[in-house]
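Take a look at the structure below.
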Amino acid sequence: MKSIRLLIVWIVACLGGSCTSDQNAMTSVVDNRIIKILALGDSYTKGESVCSSCNFPTQLQDSINLRRKNQRTSLKIVAQTGWTTTQLQNAISQGTLSNNYDLVTLLIGVNNQYQNTPFSVYQTEFPNLVQTAIQKANGDKSKVIVVSIPDYAYTPFGNGNPAISTALQTYNQFAADYCSQQQISYIYITDITQLGLQQPNLLANDGLHPSTMAYTQFVTRILPIALEKLGISN
């Protein structure tokens, strides 16, 4: 009842032309929408070798909750270590995901490269996955965010192998070009991971995957776009 009374006061004030920034901030208090986020991907989405609340989708959820001043943001992660585009497609088709998510993220492709899957498979399946992401976002492509593939060449496991970087650049360029053509938001975070050998704190203990700190930096780039799509003040 208190929230309703506050909202009535705010509406009356605005009709009288006396809205202030403080009164505008009140709207975040009464924003009781249940926002649904879906994160699709592989180990980089699951958060291999970091805590369950340390992956980038959960940090993104926490950041959104903080700005809404409530905990009414749900998160579904469909991602496993080692998944290629094919395996992600199969998991989605075998699941029971709804088509009413408010925000969908997609980060996939590193295992296609690592497992030497023909690039043509990615060229076919990545666009299919983007279209699936749009479907899960109630058919609204403005609610989809594609995240670039991290570069594991800059890890002790990758040992600075330039061939890895060159191959992943091909994958990321294809994704970037497709997203540009389709007017899908594409967030580039690969350069963050390319500091891994210089800044070991960006690496998880396994010497291969990003650390919690690296995922925090991912979210720094993703969050403003996500907030805009969700109609939330930054």
Determine which member of the set 99, 111 is within 20 Å of residue 186 (Cα to Cα) and either in contact with a Lys or Arg (Cβ under 8 Å, 6 or more places away or on another chain) or not in a loop (DSSP other than H, G, I, E, B) (or both). 111
Going by what's in this entry, would residue 139 be described as surrounded by 16 or more Cβ atoms within 10 Å (Cβ to Cβ) and either in contact with a strand residue (DSSP E or B) (Cβ under 7 Å, 6 or more places away or on another chain) or in contact (Cβ under 8 Å) with a residue 40 or more places away in the chain (or both)? no
Enumeration of residues in segment 47-60 that are surrounded by 23 or more Cβ atoms within 10 Å (Cβ to Cβ) and either free of Cβ contacts under 8 Å to residues at least 40 places away in the same chain or not in a loop (DSSP other than H, G, I, E, B) (or both): 56, 57, 60
Can you tell which of 154, 186, 178, 171 is open to solvent by 70 Å² or more (accessible area, probe 1.4 Å) and hydroxyl-bearing (Ser, Thr, Tyr)? 154
Within the group 108, 145, 149, which residue is closer than 23 Å to residue 232 by Cβ and touching a helix residue (DSSP H, G or I) at 6+ places or on another chain (Cβ under 8 Å)? 145
Residue satisfying all of: in segment 172-222; in contact with a strand residue (DSSP E or B) (Cβ under 8 Å, 6 or more places away or on another chain), among the polar types (S, T, N, Q) and not in a strand (DSSP E or B); farthest from residue 156 (Cα to Cα) among these: 180
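The values are calculated or read from the model by the stated rules, or taken from the named source; none is laboratory data. Quick caveat: nothing in here was measured; it's all calculated off a predicted structure. Quick reminder, even Gly has a Cβ in these numbers, built from the backbone with ideal geometry, and neighbours come from all protein chains shown. Keep in mind that these areas ignore ligands, DNA and RNA; they rest on the heavy atoms of the full protein, side chains included. Shrake-Rupley method; radii C 1.70, N 1.55, O 1.52, S 1.80 Å.
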